[in-house]
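Trainee: Structure provided below as structure tokens; questions to follow.
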Amino acid sequence: MARLSFATLRILVTSALPYANGDIHFGQVAGAYLPADIFVKYHRLRGSDVVYVCGSDEHGVPITMTAQKQGLTPREVVDKYHVRIREAFKDFGIEFDNYSRTSLPLHHETSQGFFRRVYDKGYIKPRTTRQLYCPCCKMFLADRYVEGICPNCRAEGARGDQCEACGRWIEPFDLIEPRCKTCGETPEIRETKHWFFALSRFQEPLRKWLASKPDWKPNVRRFCEGWFKAGLRDRSITRDLSWGVPVPLEEAKDKVMYVWFDAPIGYVSSTKEWARQQGKPDRWRDYWEDSSTRLVHFIGKDNIVFHAMVWPAMLMAFDEWVLPTEIPANEFLNIESRKFSTSRNWALWLPEYLSRFPADPLRYALAVNLPENRDVDFAWRDYHARNNNELADILGNFVNRVAVFLHKNYSGRVPDVTADDDAGLEVLKAIEAAPGRIATMIDGFRIKDAAREVMTLPALGNRYFDKQSPWRSHTDDRQACDRTMATCVRLISALEVLLYPFLPHTSRRIGQMLGLGVRSWADAANPAIPGELGEPTILFTKLDDTFVDAQMARLGAEPEDTKEAQVISLDEFKKVELKTARVESAEKVEGTDKLVKMSIDLGGEKRQIVAGIGKAYRPEDLVGKTIVVVANLAPAKIRGVESRGMLLAAVDGDEIALVTVDRETKAGCEVS
RNA sequence: GGCGGCGUAGCUCAGUUGGCCAGAGCAGCGGAAUCAUAAUCCGCGUGUCAGGGGUUCAAUUCCCUUCGCCGCCA
């Protein structure tokens, strides 16, 4: 019950700062951003004093590496991704009160002030350590940027932190023949001084503090227990790097803060920036310095240690700002039953998605299956079904059938009555109960449940509409029909509000139809109805049957049944007409480097085909070759160029080898 | 190797102070209706709750163990 008091308190919500060296993917969305946005939107409707901040995390070694790889400066890298990330969030309907970035002077000042104060209190001390240094790159090397021979299994290419081959962990000094991953030079061991945060001194305070959070999610509590058991160790919080927040100590002029140290302080900087934008520069203190503030960090489980241990310890050391009140950490999102892997490109990217599809169906598909309790699977098949069966058929169709009915039979006017019959009252009761029920779920961070609960209402509407059969009562019993329609509109009116946190774009479109203006969460319990309804609109477009396959192909997925190879009959195979053909001429398709346009001789018949082999073959080398083509493939236009057939080739990534014949034959031979 | 997690209907997931005949959505099957984006509504599940053992009057839920998957740490 304590959580119900949220509405009367000040709430500061954060989502993990996304690292600015890549795009946002579905896993991050489901873990840290969508649930937070739903939580915040709901609280705004409720009139809570809520501020939602986030920003790009722009420091650290990986960004300097990305910069090097792409031939850019770190600044150019973060500028690029900061904008991409910010815009993707905006298009997805995530509404931060402020989206900042850690490379701003404001953040540097804030972090330095934080460091200085904690240092002055004696929680930060220097130590001398040994580290690998690359004389060529003139920098100390992070463990994973050193390669060599694994001391355990003798495999080549082992990284300084772990050997891929045997899976064992390695100390970088133990690598045989170590090399700098960037330039290949042999690094040397050098001494360097680093400053350590006295995390070990906070073991007991942290343990006590966590004991006061019995209702936190078990995944968070278990993670921490594991760390307590092992014992907390002091952590190095400085790095020999030029890209980052300079350490504010005379004797550490050439060092920057470890990115994990300054990143969480970004929550504060972002709040400060927000306050300035509000024209009340001190307003941030109302949140960070008021012990009644509920500080809520939405994160993925990979961030638990930092948010539940290191960051609170930092805050204890700093001793002026509030500690996290809630850390609703989510688990991971798998894609089509396989783990997310950005390196293998087994990933789905938000900007890519938004360039082709609307935000709300994805918000829904993710919300209704959030990884709240365990890792969860995202499948396009599921997305397709949710969009068609639930959004379009149940929600969209309910709104549509009501609107169309009113326009056909009532000229769009909504009967000004309140139902008092049993069936009507049952619906009104359900509407009245909904905001409270859903609120309890959201406040308890059961957002998945909440999303499903909302969708219960349009289903109820359909049932009610069917049972009342207004298409009949319209002639039999006009008053009954009036009651039914008024009740249905009331339900839609409630939905505009209740749907908003989950499907903001859809909610707005319903709102345009109703024209009732801004209403609060509480208003949804007893929703107003307009005198007249706007034109019916189709809220969701149905996806056809090719959708899933198309998305799977984009994902670079192998066919679903690669494991058990699909068996086809001889008859099925015989449908494919394979023939030999001689290439007579070939040229690149203009504006592409991959497509080659060929004129081929199929034994008396000339044809034009297009194939994506430009990276592996030069057009002039193709002329005269005898190749094998599928002769009865439906013609297709590729980049506007007609292709009447498909050539066969062995494909291994970018390695392509044409299928040819072993002995000269005439063109147009059947291949069987 | 140490610690921890997960394994529930064809699919995706709920289900902790141990006890109502173990649930929902989707898919599937049957039926009704026809206002609506061929959209809706109603009815239909004997699931070894991964396998085995134990505690208990009673276990999906607690303990031990085996198998499979995963994470953290060294």
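Trainee: Grab the Cα-Cα distance for A:K594 and A:S337, subtract it from 0.36 nm times how many residues apart they are, and report the gain in nm with one decimal.
Mentor: Details: separation 257, 0.36 × 257 = 92.52 nm, distance 3.17 nm.
Stretched fully, the A:K594-A:S337 segment lengthens by 89.4 nm.
Trainee: Based only on other Cβ atoms within 10 Å, what is the fewest-to-most ordering of A:K138, A:K80? Show your work: numbers first, answer last.
Mentor: Working: A:K138 8, A:K80 15.
Placing the least packed residue first, the sequence is A:K138, A:K80.
Trainee: Could you please report the charge total around A:G47, scoring K, R as +1 and D, E as -1 over all other residues with beta-carbon less than 12 angstrom from its beta-carbon?
Mentor: Working: positive: A:R44, A:R46, A:R519; negative: A:D49, A:D523.
The answer is +1.
Trainee: OK, next. Describe numerically, in nm with one decimal, the distance between label points set 7 Å from Cα along Cα→Cβ at A:F173 and at A:E204.
Mentor: My value for the distance between the label points is 3.3 nm.
Trainee: If you don't mind, there's one more thing I want to ask. List the aspartates and glutamates whose alpha-carbon lies under 16 Å from that of A:K408, not counting same-chain residues fewer than 8 positions away?
Mentor: A:D482, A:E532, A:E535
Trainee: Using the alpha-carbon centroid of each, what span in Å lies between region A:328-347 and region A:198-243?
Mentor: Using only Cα atoms to place each centre, the spacing works out to 26 Å.
Trainee: Okay, next question. For A:K69 and A:L9, FRET efficiency with R0 = 60 Å and r from the beta-carbon atoms, rounded to 0.05?
Mentor: Numbers: r = 46 Å, r/R0 = 0.77.
That gives a FRET efficiency of 0.85.
Trainee: Could you grab the relative contact order for chain A? Cα pairs under 8 Å, six or more apart, rounded to a whole percent. Could the numbers behind the result be given before it?
Mentor: On the way: 1172 pairs, mean separation 80.8, N = 672.
Computed value for chain A: 12 percent relative contact order.
Trainee: Explain nothing, just the number: relative contact order of region A:354-525, from Cα pairs under 8 Å at least 6 residues apart, as a whole percent. Before the final figure, lay out each step's value.
Mentor: Numbers: 157 pairs, mean separation 50.4, N = 172.
After rounding, I find 29 percent.
Trainee: In whole Å, what is the distance between the alpha-carbon centres of region A:415-435 and region A:442-510?
Mentor: Distance between centres, Cα-based: 11 Å.
Trainee: Next up: Which stretch or stretches of region A:579-602 have amide N atoms under 14 Å from the point lying 7 Å from A:A616's Cα along the Cα→Cβ direction?
Mentor: A:594-596
Trainee: Okay, moving on. What distance in nm separates the simple spin-label points at A:D215 and A:E250, each placed 7 Å from Cα in the Cβ direction?
Mentor: 5.2 nm
Trainee: I would also like to ask the following. Cα-Cα over 21 Å: which of A:K138/A:K253; A:K121/A:K213; A:K588/A:K666; A:K80/A:K615; A:K217/A:K448?
Mentor: Values: A:K138/A:K253 16 Å; A:K121/A:K213 27 Å; A:K588/A:K666 26 Å; A:K80/A:K615 29 Å; A:K217/A:K448 15 Å.
Where the Cα-Cα span goes over 21 Å, the pairs concerned are A:K121/A:K213; A:K588/A:K666; A:K80/A:K615.
Trainee: Next question, about the same structure. What does the extension gain come out to for A:D416 and A:E188, with contour length at 0.36 nm per residue minus their alpha carbon separation? Walk me through the numbers before you get to the answer.
Mentor: On the way: separation 228, 0.36 × 228 = 82.08 nm, distance 8.34 nm.
The span from A:D416 to A:E188 would gain 73.7 nm if fully extended.
Trainee: Further, regarding this structure: Is it possible to state the helix-based mean residue ellipticity at 222 nm for chain A, with each DSSP H run of 4+ residues giving -39500 (n - 2.57), the sum divided by total residues, to the nearest 500 deg cm²/dmol? What is it?
Mentor: Numbers: 22 runs with 247 residues, N = 672.
That calculation yields -11000 deg cm²/dmol at 222 nm.
Trainee: About the Cα centre of chain A, how large is the charge dipole given +1 on each Lys and Arg Cβ and -1 on each Asp and Glu Cβ? Please answer in debye to the nearest 20.
Mentor: Working: 92 positive and 94 negative charges, 219 e Å.
Here the size comes out at about 1060 debye.
Trainee: Can you list residues whose amide H is under 5 Å from A:L633's amide H, if they're 5+ apart or on another chain and H is modeled 1.01 Å from N?
Mentor: Counting only residues 5 or more places away or on other chains, the set is A:M646.
Trainee: For chain A, what is the convex hull volume of its Cα atoms per residue in Å³? Write down the numbers at each step before the final one.
Mentor: Values: hull volume 148.7 nm³, N = 672.
Once divided by residue count, the hull of chain A is 221 Å³.
Trainee: Given a Förster distance of 30 Å, report the FRET efficiency between A:M646 and A:I538 from their Cβ-Cβ distance, rounded to the nearest 0.05.
Mentor: Details: r = 38 Å, r/R0 = 1.25.
It comes to 0.20.
Trainee: Quick one: which residues, 5 or more positions from A:R10 or on another chain, have an amide H under 5 Å from its amide H? H modelled 1.01 Å from N in the peptide plane, none for Pro or chain starts.
Mentor: Result for A:R10 returns A:R294.
Trainee: I would also like to ask the following. In nm, to one decimal, how far is the A:E95 label point from the A:D290 one, both placed 7 Å along Cα→Cβ?
Mentor: For the pair A:E95/A:D290, the computed spacing is 2.1 nm.
Trainee: Let me know the shape class of region A:113-257, please: from the alpha-carbon gyration tensor, a ≥ b ≥ c as square roots of the eigenvalues, rounded when a/c is under 1.5, otherwise prolate if a/b is greater than b/c, or oblate. Spell out each step's value before the answer.
Mentor: Numbers: a/c = 2.84, a/b = 1.34, b/c = 2.12.
Judged from the Cα gyration tensor, region A:113-257 comes out oblate (a/c at least 1.5, b/c at or above a/b).
Trainee: Residue by residue through region A:14-24, which ³J(HN,Hα) values in whole Hz follow from phi under the Karplus form 6.51 cos²θ - 1.76 cosθ + 1.60 (θ = phi - 60°), with glycine and proline marked x?
Mentor: Listing the rounded values in order: 10, 10, 3, 6, x, 7, 7, 10, x, 7, 7 Hz.
Trainee: Residue by residue through region A:281-296, which ³J(HN,Hα) values in whole Hz follow from phi under the Karplus form 6.51 cos²θ - 1.76 cosθ + 1.60 (θ = phi - 60°), with glycine and proline marked x?
Mentor: Each residue of region A:281-296 in turn: x, 8, 4, 4, 5, 4, 9, 6, 10, 10, 5, 8, 5, 8, 9, 10 Hz.
Trainee: Still on this structure: Which of A:L241, A:L633, A:L350 has the fewest other C-beta atoms within 10 Å, and how do the rest follow up to the most? Before the final figure, lay out each step's value.
Mentor: Values: A:L241 20, A:L633 14, A:L350 24.
Listed from fewest to most nearby Cβ atoms, that is A:L633, A:L241, A:L350.
Trainee: Name the GluC sites (Glu not before Pro) in region A:64-148 that are in a loop by DSSP and that have at most 15 other C-beta atoms within 10 Å, would you? Kindly include the intermediate steps, with their values, before the conclusion.
Mentor: Details: sites: A:E76, A:E87, A:E95, A:E109, A:E147; in loops: A:E95.
Sparse-neighbourhood loop GluC sites (Glu not before Pro): A:E95.
Trainee: Ok, one more. Just to check I understand the Karplus step: with θ = phi - 60° and J = 6.51 cos²θ - 1.76 cosθ + 1.60, what whole-Hz values come out for region A:592-602, glycine and proline as x?
Mentor: 10, 10, 10, 8, 10, 9, 10, 9, 10, 9, 9
Here, each number is a calculation from the coordinates, and none is a lab measurement. This one's a predicted model, so the numbers in the text were calculated from it and none came from an experiment. Every residue, glycine among them, receives a Cβ derived from its backbone with ideal geometry; neighbour counts consider all protein chains shown.
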